[in-house]
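Colleague: Dropping a structure here in structure tokens format, bear with me for questions.
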Amino acid sequence: MAGAWWWDLAIGLVLAVAASWAALVVALVVVRPRDGLLRESLRLLPDMLRLVRRLAADRALPRGVRIRVGLLLAYLACPIDLIPDFIPILGYADDAIVVAAVLRSVVRRSGLSAVERHWPGSEDGFAALVRLTGLSDRPPSEE
């Protein structure tokens, strides 16, 4: 009976991790791009990765933005995905969704011009990025 609390603890941890993962999947489904933009985001992913690397190296951006972008790079380099690739639609799209969410955060803090300055792709690709992430040319918020 003394060792039974270990089983309770192990079951509780497994349930907590499963509930957290399920909440994350639901959040990704809610923020995922609609109407073909998901396919477009997957096409833009190589340019988005170069953009993220350039943003992380830009010393002119606020430290908090660079930290967020650096954490994003670490997430993208990690071989373990939040949503395994065998899950239809979201399996391959989780990286694009996470990148879009971080880019929204960068624009809110630094402005769209910071992202545009580092965009490595075409003007059409940048326009698609703006549509995909729901970005607009609004001034950065004061924090």
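Colleague: Between C78 and R104, what length comes free when the chain is fully extended (0.36 nm per residue of separation minus the Cα-Cα distance, one decimal in nm)?
Modeller: 7.2 nm
Colleague: Still on this structure, please answer the following. Apply the Karplus curve 6.51 cos²θ - 1.76 cosθ + 1.60, θ = phi - 60°, to the phi angles in region 65-79 and return the couplings in whole Hz, x for Gly and Pro.
Modeller: With coefficients 6.51, -1.76 and 1.60, one gets 5, 5, 5, 4, 5, x, 5, 5, 4, 5, 4, 5, 7, 5, x Hz.
Colleague: Moving on. So for the pair W7, D58, with labels modelled 7 Å out along Cα→Cβ, what separation do we get in nm?
Modeller: 5.6
Quick note: the coordinates plus some simple rules give every number you see, no bench work behind them. Source: prediction; values computed, not measured. All Cβ positions, even for glycine, are placed from backbone atoms using ideal geometry, and neighbour counts span all protein chains on display.
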